Every structure is written in structure tokens, then in C-alpha cells.
1. When you go through B:R75, B:R117 one by one, which is the residue that is outside any helix (DSSP H, G or I), outside the structural domain of B:T22 (by TED's automatic domain parsing), among the charged types (D, E, K, R) and touching a Phe, Trp or Tyr at 6+ places or on another chain (Cβ under 9 Å)?
2. Check whether at least one residue in segment B:23-46 is assigned to a helix (DSSP H, G or I), open to solvent by 60 Å² or more (accessible area, probe 1.4 Å), farther than 23 Å from B:Y142 by Cα and more than 11 Å from every other protein chain (Cβ to nearest Cβ), and report yes or no.
3. Determine whether A:A234 is more than 14 Å from chain B (Cβ to nearest Cβ) and under 29 Å from B:V26 (Cβ atoms).
4. When segment A:283-305 is examined, which residues are found to be within 16 Å of ligand 1 (Cβ to nearest atom) and touching a Leu at 6+ places or on another chain (Cβ under 6 Å)?
5. Only one of these conditions is not met by B:Q139: (1) open to solvent by 60 Å² or more (accessible area, probe 1.4 Å); (2) within 16 Å of ligand 3 (Cβ to nearest atom); (3) outside any helix (DSSP H, G or I). Which number is it?
6. Going by the structure shown, is A:R391 of a type in the set (K, R) and away from ligand 1 (no atom under 15 Å from the Cβ)?
7. For the subset of segment A:354-363 comprising residues that are surrounded by 23 or more Cβ atoms within 10 Å (Cβ to Cβ) and not small (G, A, S), which member is nearest to ligand 1 (Cβ to nearest atom)?
8. I'm checking my understanding of the structure. Among residues of segment B:66-82 that are touching a Ser or Thr at 6+ places or on another chain (Cβ under 9 Å) and away from chain A (no Cβ under 11 Å), which one is most open to solvent (accessible area, probe 1.4 Å)?
Amino acid sequence: MPTQVSHPDEAVVLKRRFGQGATNIDKYVALDGYKAVQQAIEQGPEWIINTMKASGLRGRGGAGFPTGLKWSFVPKNDKAKYVLVNGDESEPGTCKDHVIFLEDPHAVIEGTMIAGLAIGSKLGFIYLRGEYRYLLKIVEKAVADAYAKGFLGKNIFGKEGVDFDIITQTGAGAYEVGEESALMESLEGKRGVPRIKPPFPAVVGLYGGPTVINNAETIASAPHILLMGGEAYAKLGSERNGGTRLFGISGHVERPGVYELPMGYSLRKAIYEVAGGVKGGKQLKAVVPGGSSCPVLTADEIDVGLDFDQMGKAGTMLGSGGIVVLDETVSMVEFALRVISFYQHESCGWCIPCREGTDWIKKTLARVYAGGGSRKDIDNVQYLADNMMGRTFCPLGDAAAMPTLAFVKKFRKEFEDYIDGHRAGTPVMSEVHELAGAAH
Amino acid sequence: MAAIAESIFTPQTAARFDKLATTYPVKRSALVPMLLYAQDELGFVSEGAIQEIARRLDLFDLDVRNVLSYYSMLRTQPAGQFNIQVCTNISCMLRGGYEILDHCKTKLGIGHKQVTRDGMFSLEEVECIGACCWAPAMQVNYDFHDDLTTIKVDAILQDYAEGRGEDVK
Ligand SMILES: Cc1cc2nc3c(=O)[nH]c(=O)nc-3n(C[C@H](O)[C@H](O)[C@H](O)COP(=O)(O)O)c2cc1C
Ligand code: SF4
Ligand code: FES
């Protein structure tokens, strides 16, 4: 069972019901649960969307797209529309949705209903990655309880003509399925190969109907926003980055955990104060700020605020909010190899730049790692990654190329020294491993 | 659709499949969950399971196979009764994930995707399982175990071997 952490700097919105037994529907209701959705029914779609817009909430799945705006794109026609909650959570370094499903599943359900009311949908899907079976059971129970209370189904909350259903769905192991169009394919019972855009899901999505796809944390934020008001939520965060977000701080810190911090909070403080600093008093070497696809920051680049815009200016991304801290003992050659191995493993193989690019970068880095590299290999890795950027069918190609480029550019000297036989850091991959090991 | 009487699955699973086939706006959406639940019961997705699921969802066997081969949790060979999945992705790697994996290899005497001779355990090195802040982490079947040390791993393996594992299904 995940250990829950807290810190005085946390701004508790999403975590408000954590640790209070809110998986129980009565407890959830006692803690103001299902009030926001009833308000949403009273006030109507325009009010919901305006409140969401005013909140400045931006998608917590990675790209940071404004949620209210996304909801407003759904055409007002009489086609069947869907809400799809992305609980595939597979970006390495990310475990925040895990805690939401565990502690507050009804917030996800209520948020799904709110999104449905906003876009005129009567059916929502909550998709969890296959590994999260125990969480799926928690969510299934919560959905069943909501039906039993008349909060889901026909005439919800006794309101004539207001219907909403929720179906839960499970994946079966595939990172790529987290990409929204691949997610729809998976939910339709197919291989998780992405679709070409446009059309965007808001126009042609699941089963051909207009579909809103949001990350589980984005959706779970909606009820809180309606309750506290859009402006009040926005004020908690920074400019154009409303509210708070769950940051998972992992790796070499004293107190790893999922913390709720205001958008724009200092990355340095998140590491040194909130998470208790680098483990064992060691020196900081680098930080992967938002899941493994985000370009690495060096130890002297951490004076930056944790929001989408400030991270963008710093040449990286806020991504999924998974902050991974690396101390001085880490070999960047080994770390870069482990990261690209993941993307090589998860590439769906549909398009050549990603399928071949990830494979050749992995092979080259594995050769360097094994001691048989030459300096030209570093240029080759950079060349391969450069040529993947923007040339792949879905963003997984970029997600693999971006961190790779940052590793070899920012730590080029370490790669060169490694090739020359002077190896920094302490390797941990003691032998050739199946996923991360040498070329095969 | 196949009548329950012809099913290769237990009545519970067959009933679950009957329900799944009517849950979604389009039947085929039940495919991935059905494959997973079939595997939970049989230990792997057998030929018989592929055929029955295809029949239940009005698909060709080939459609089912095509989807089956995409997802990393689905397998067509039996694993051990307890499938040990050790995460070695970045957050776990930084906190001893490889040490845990190596320890399991030595302890069980098997490598990646191998099964112990008695069929009790199998081992897999896996990608991030969403427990990064409680690293290093592993799953035994669907159960999560985190903040691992080699000592903790020994106790966990013993618990399963002696029938005290949780085994969520
Ligand atoms: C390769 C890849 C994997 C992704 N994985 C996830 C994921 O696991 N969970 C998630 O919410 N979004 C993931 N996304 C982002 C989704 O495509 C999508 O942008 C997001 O779910 C939209 O929700 P939001 O606007 O609330 O962030 C992934 C994107 C890519 C390209
Ligand atoms: S970029 Fe990679 S994951 Fe995306 S479609 Fe191409 S091969 Fe598949
Ligand atoms: S990196 Fe191991 S659980 Fe995420």
C-alpha cells in the first residue's frame, strides 16, 4: 500500500478527501461529494465550461491543454458523445493517478459526470491500465455504489431526463495506449495503434462520436473547481496555470511521495524542502522534471517554477508531474540507455522513424555502455534523435528523441569521458538485462 | 453467441463474459478485458480461449490473435502460479530495482520470463508499474509490493510459497 506523505507547503484541493475513507460513498457525500455535479445539472453546460475556463486548469496528462477550451470544442449536434478518462498512467516516474483511484475514486466519477454534462454526453468510460487491477476493483465498487444511490443511470439525482452511465475498462499492458487516439483504439478492442489527426477526438472520437479525453487527475479536479469557483482555483496557481497539481517526487530524495503543490512552485524547493533534499546528503546531479520523456535539467537549472510555461522556457516540459531526482552517483550513459530502452520497447512499430530510431539509438548507446563505443557514436545518437523529432506518426517518437537529445547535449563530456575509459557514476545494471541491456 | 454450457470457463467467468459482451456500445470493446480475465483463470490465453472469445464477440480468431499479441500482459504460455514482475524503470532503478531483480533471479534460479521447475514462480523484468514514489516496486500477479529490500522480497516470496499471498483478481 502506497505510503501517503504531506508537507506544510502543500495546497490541498485534490487531496482534501485523501486519508478520510472517501472510497465509501456516504463518507464522500458527507465531505461535499456529488454536490458539484448537482450544481452542474442546475446551472447547465455553459456555466460549467465558463467555470472550467476561468479556473485555468490545464490537462494533467502531459500536454497541458486548457480543459475548459477542450470541452468547448465539442460540436453541439445530436450525435452520441463520450467522455473518456485516461487512467493508463504509464509514463515512467508517474504514480499520481494511482493515488487518486485509491483514495478518492468518486471524485473521478463525479468529474466524469460533470464533463458529460458540459458536452451533452450520457456515457463515460474510465480506462485503467491493466496492472491497476486492485484500483479497478475500487473504481468498479464506487461506480456500483453510485448506481445504487441513483447518482448514475436514468434520471440521476431524481432529475427527469438527466441520464448518465459509466463503464469501466481495463488495458493489458502498453504505454502507447496512453496516447489519446491509441486509447480509443484499445477501448474499441483493437491494437493500440494511434489514429491520424485531424479529425480530433472532439469531433470524431470513440465509435465515431465526439469524445472528450482527459487525464484522471484533470477529471478529478473538476468537482473541486465547481465547488470553490473557477477564479478561486485559478488564484492558487501561477499565470495561465491555474490551481494545484499532484507532483510525484521520486528517485534520490529523502522523502519521495505524491505532493499537491501550487502550479508555479519552485522546483528547487520541491526537491530540497518538500521532498527533504537529496538522499544521504549527496550532491544533486540532474532532474527529470515531468516523467521520462521530459528533457533532463542539470543541477544548476532547477531554479524554475513548476508550470507548463516556465518549464517550456527552461527548455523542458512539465509533462505528467513526475519529478525524478538523480544524485551524483548516477551514470548518465547508463540512465540514457535505460530511458531509450523503454521507448524502444514501447514503440508500437507503426512508423519507421520511431521504430528504427529508438532501436538504433538503443543499440548505439548499449555499445557505448558496454565499452565498445567511439566518439562518433555520440554524434550518431544525436543525428538519429534529431531526425525523429516531428517526423513520427504520434508524439511517442518525440517523447523518445527529446530526452535523448538532452542527455547527450548536456552531458556530452561525460559520454566522451566514458568512451575514453573514464567512467563517472556507479553503474547499477550489473549484467545484460532483458529490457535495458545490450543490443539484441 | 456461445451458450454458457459450451464454455471452457467456469460458470462465474462465463457469466462475466456474457455481461461484458453486452456492456459496451460495440461488442468488440470487451475484447481486451475478456482476454485478461481468460488469462486470470487459465494462467495464459489458450487456443480454446481465443476461439471462444472470437465466437462470443463475432470476430475471427485472427482478430483476437492480432490484439492478443499487442499487449505485454497477455501471454500464450503458462507463467508460474505467482508471476513476479520487478520494475527496473528509472525511479526504481535509482533505488535498487536491479538489485531486487538480481536477487529474485538468484533466489528463484530463473531468468526473465522463465518459470521455476515446480511451476510456483515466474519472473519478469517490467517497465514502470506506477509505483515510482514507493520504489523499488514489484507486482506479484496483481498485488503491489513497494519500498522493497532484498530482505522484504524474501519474506514476500515465502508468503506466496506458503499460501499467504493476497492475490487480487
Ligand atoms: C505516448 C503517449 C503516452 C501517453 N500516456 C498518457 C497516460 O498514460 N495518461 C494520460 O492521461 N495521458 C497520456 N498521454 C496524453 C494523452 O494523449 C492526452 O493528451 C491526455 O490524456 C489528455 O488529457 P488532459 O488534457 O487532461 O491532459 C500520452 C501521450 C502520449 C503521446
Ligand atoms: S511514433 Fe512510435 S508509437 Fe507513435 S505511431 Fe510511430 S511507431 Fe507507433
Ligand atoms: S519506475 Fe518503477 S514503478 Fe515507476
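1. B:R75
2. no
3. Values: more than 14 Å from chain B (Cβ to nearest Cβ): yes; under 29 Å from B:V26 (Cβ atoms): no.
Spelling it out, it is not the case that A:A234 is more than 14 Å from chain B (Cβ to nearest Cβ) and under 29 Å from B:V26 (Cβ atoms).
4. Keep residues of segment A:283-305 that are within 16 Å of ligand 1 (Cβ to nearest atom), which gives A:288, A:290-295.
Across segment A:283-305, the qualifying residue is only A:G290.
5. Failing condition for B:Q139: (1).
6. Answer is no for this residue.
7. Per the stated criteria, the residue is A:C354.
8. Of everything passing the filter in segment B:66-82, B:Q81 is most open to solvent (accessible area, probe 1.4 Å).
The values are calculated or read from the model by the stated rules, or taken from the named source; none is laboratory data. Not measured: the values here are computed from a predicted model. No Cβ is skipped: glycine too gets one built from the backbone with ideal geometry, and neighbour counts run over all protein chains shown. Side chains included, ligands, DNA and RNA excluded: accessible areas come from the protein's heavy atoms. Shrake-Rupley method; radii C 1.70, N 1.55, O 1.52, S 1.80 Å.
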